[in-house]
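Report on one structure; see the data block that follows.
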Amino acid sequence: MFQALSLLMLLGTTVQEGVAMQTATFGGGCFWCTEAIYERIEGVTGVKSGYSGGTVKNPTYKQVCSGETGHAEVIQIQFDASRVSYEQLLEVFFKTHDPTTLNRQGADVGTQYRSVIFTHSPEQAEIAKRVKTALDTAGIWPNPIVTEITPIETFYPAENYHQDYFELNPNQGYCRAVIAPKVEKFEKVFKSLLKH
């Protein structure tokens with residue numbers, strides 16, 4: 001999308017030294033796709049697929065897919081901020097999905113596929129809003145960014161068969177057709193962030 005533009009250059013930010021482990025939660029469409037990308041980033045120590053932002057406690061995948069619970073498919077990321085910054089994770093987030101389509105990513109349609117950042121602190125909220133504003137102002141996309149930014153309330157881990165889905169099912173049709181090309185593109189654009 002906007003490979004030539006570095007979000008970190010745009011914002012003038014750097015990786016923080018000596019910061020404890022942190023958590024980030026993003027929804028950018030199907031969680032199988034986003035999980036496969038973030039698992040490859042240096043400094044990310046864990047990624048879990050799940051649901052957030054809805055009204056039903058402990059929702060099932062079937063309930064979330066109905067679009068009636070209000071949850072989004074999300075990933076929750078554990079990361080070492082001395083090795084990768086929240087801004088870098090946001091750069092990956094905005095470059096690996098379309099943040100201008102409301103409740104849709106490609107063929108996946110519904111509120112469960114909305115573009116959303118669930119923040120874990122006032123600092124994360126401020127950074128996410130600043131990044132969103134900077135990207136909108138830069139006019140990267142022809143349409144405005146619709147990404148929702150909201151404090152996290154509850155994260156519900158998805159069923160076990162959703163965890164590490166791409167790694168465990170590389171030959172499944174959706175993985176070959178949708179996830180594999182997305183991961184390949186990510187690895188080319190973000191070589192410097194890849195785990196060694």
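In this structure, Tyr161 and Arg83 have a Cβ-Cβ separation that, at R0 = 22 Å, corresponds to a calculated FRET efficiency of about 0.15. A Förster radius of 30 Å, combined with the Cβ-Cβ distance separating Gln63 from Leu102, puts the computed FRET efficiency at roughly 0.90. Residues His71, His196, His120 in ascending order of nearby Cβ atoms (within 10 Å, fewest first): His196, His120, His71.
Distance between the modelled labels on Val146 and Val189, one decimal in nanometres: 1.9 nm (7 Å Cα→Cβ projection).
Approximating the spin labels as points 7 Å out from Cα along Cα→Cβ, the Ala138-to-Arg40 distance works out to 2.1 nm. When only the Cβ of Lys, Arg, Asp and Glu is charged (+1, +1, -1, -1), the dipole of segment 61-129 relative to its Cα centre reaches about 160 debye. With contacts taken as Cα pairs under 8 Å at a separation of at least 6 residues, segment 87-141 carries a relative contact order of 30 percent. Of Lys48, Lys185, Lys62, the sequence from fewest to most neighbouring Cβ atoms within 10 angstrom is Lys62, Lys185, Lys48.
Evaluated with a Cβ-only charge set (Lys, Arg +1; Asp, Glu -1), segment 20-190 carries a dipole of roughly 260 debye about its Cα centre, given to the nearest 20. Taking every lysine pair in segment 20-190 that is 8 or more places apart or spans two chains, those with Cα atoms closer than 13 Å amount to 4. Count Lys and Arg as plus one, Asp and Glu as minus one, and take only other residues whose Cβ is under 11 Å from that of Asp164; the net charge is then -2.
Calculated FRET efficiency, Val56 to Leu168, Cβ-Cβ distance, R0 = 30 Å: about 0.65 to the nearest 0.05.
Considering only Cys30, Thr154, Val84, the residue lying farthest towards the positive end of the dipole of segment 20-190 is Cys30, judged by Cα position with unit charges set on Cβ. Counted by Cβ distance under 12 Å from Asp108, the other residues give a net charge of 0, where Lys and Arg count +1 and Asp and Glu count -1. Ellipsoid semi-axes for segment 87-190, based on the Cα gyration tensor and the rule √(5λ), read 25, 18, 14 Å when sorted largest first. Look at the alpha carbon pairs under 8 Å that are at least 6 residues apart: their mean separation over the length of segment 20-190 gives a relative contact order of 31 percent. As a ratio to 2.2 N^0.38 Å, the alpha-carbon radius of gyration for the chain is 0.96. Placing dummy labels 7 Å off each Cα toward the beta-carbon, the span from His196 to Thr23 is 3.0 nm.
Read-outs throughout are calculated quantities, based only on the coordinates presented, and are distinct from any laboratory measurement. What you see is a predicted model; the values in this text were computed from it and never measured. Please note: Cβ atoms are built from the backbone with ideal geometry, for glycine as well, and neighbour counts cover all protein chains shown.
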